[in-house]
């Protein structure tokens, strides 16, 4: 009987130990599972990745931003911008934003400069391109406009300079009657001189091309000197006991000619008193008085009679040769 009781007690103790072991094993297994689940949950991050405006939801176990980009196959150019440094540790519910650079063309000084930039104001792009402005320069679009996509910026250089322009001031002519001079005769009493005016002009250039002129000031450097001319008012002469009225007088070179067998331009037979003239100077038919020759009439023309020249008719070759060529005064009679 005692042996049976001892045996029963032994089996009871062994069963109890086995039950404790099973319970302990189960507890350890549950703890390990719970720890693994907790570790998994802690290691996984749920975050948002925005690449140039396109958002994607990402679940990842990597540690930092750089590894995330590598995992997602995303590469960055030197000019792209990212909201976090590559070594930044990842956190749950994190948002990472990538802003991609784009090309902007700057047209300036006859050149085209290309700048890769993320969205920025025009002034910032020009600074990046090392384009320096003067206050007068024109920029399109304006400096404060923000650029979000590829486009052109045009810079027009505006320069100005002042130039001096000198011009003559014409002199005035004053006329005075003089009864000691024949009608048609003039005499310069005081020679006129042109004055000088200086104009200061502001010239504006756009990219080297003149676009505007503005007068800054105007000044007289030298006043003009007026010219004084005396004109003849004497209209009568006394010759051979006659008082002759004339409309004008002029000084001419006179030569002589004689019979050629031809009639005059007016159709008359030449005779003493026939005078050949240039009709542009002395109208045909005019009654004349030629000093040293006498009264005459403009009835003929000649190929060599141009300007202040006349030919007077004489009866013989000897008389014509004796006359030769003279400078004489001619009166056009009224």
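Before moving on, here are some points about what is shown:
- Taking the criterion of being more than 12 Å from residue 50 (Cβ to Cβ) and surrounded by 15 or more Cβ atoms within 10 Å (Cβ to Cβ), the residues of segment 88-104 that qualify are 88, 90, 101, 102, 104.
- Any hit, segment 304-320, residues being out of contact with any strand residue (DSSP E or B) (no Cβ under 6 Å at 6 or more places or on another chain) and surrounded by 17 or more Cβ atoms within 10 Å (Cβ to Cβ): no
- Within segment 294-334, the set of residues being more than 13 Å from residue 253 (Cα to Cα), in a loop (DSSP other than H, G, I, E, B) and out of contact with any helix residue (DSSP H, G or I) (no Cβ under 7 Å at 6 or more places or on another chain) comprises 301, 302, 303, 315, 316, 334.
- Between 198, 157, the distinction of being surrounded by 11 or more Cβ atoms within 10 Å (Cβ to Cβ) and in contact with a strand residue (DSSP E or B) (Cβ under 7 Å, 6 or more places away or on another chain) belongs to 198 only.
- Filtering segment 282-293 to residues that are crowded, with 20+ Cβ neighbours inside 10 Å and in a strand (DSSP E or B) leaves 288, 289.
- Taking every residue in segment 314-327 that is in contact (Cβ under 8 Å) with a residue 24 or more places away in the chain and pairing it with any residue that is assigned to a helix (DSSP H, G or I), at least 6 positions away or on another chain, the pairs with Cβ-Cβ distances below 8 Å are 314/320; 314/323.
- Residue check for residue 85: surrounded by fewer than 10 Cβ atoms within 10 Å (Cβ to Cβ), on the phi < 0 side of the Ramachandran plot and at pLDDT 90 or above: yes
- Test for residue 274: is it surrounded by 15 or more Cβ atoms within 10 Å (Cβ to Cβ) and free of Cβ contacts under 8 Å to residues at least 40 places away in the same chain: yes
- Looking across segment 194-219, the residues that are over 10 Å from residue 159 (Cβ atoms) and either in the same structural domain as residue 133 (by TED's automatic domain parsing) or in contact (Cβ under 8 Å) with a residue 40 or more places away in the chain (or both) come down to 202, 216.
- Matching strands (runs of 3 or more DSSP E) fully within segment 210-264 where at least 1 residues are exposed (fewer than 14 other Cβ atoms within 10 Å of the Cβ) and at pLDDT 90 or above: 236-239, 242-257
The values are calculated or read from the model by the stated rules, or taken from the named source; none is laboratory data. Predicted, not measured: the structure shown is a model, and the values here were computed from it. Note that we place each Cβ from the backbone using ideal geometry, even for glycine, and neighbour counts take in every protein chain shown.
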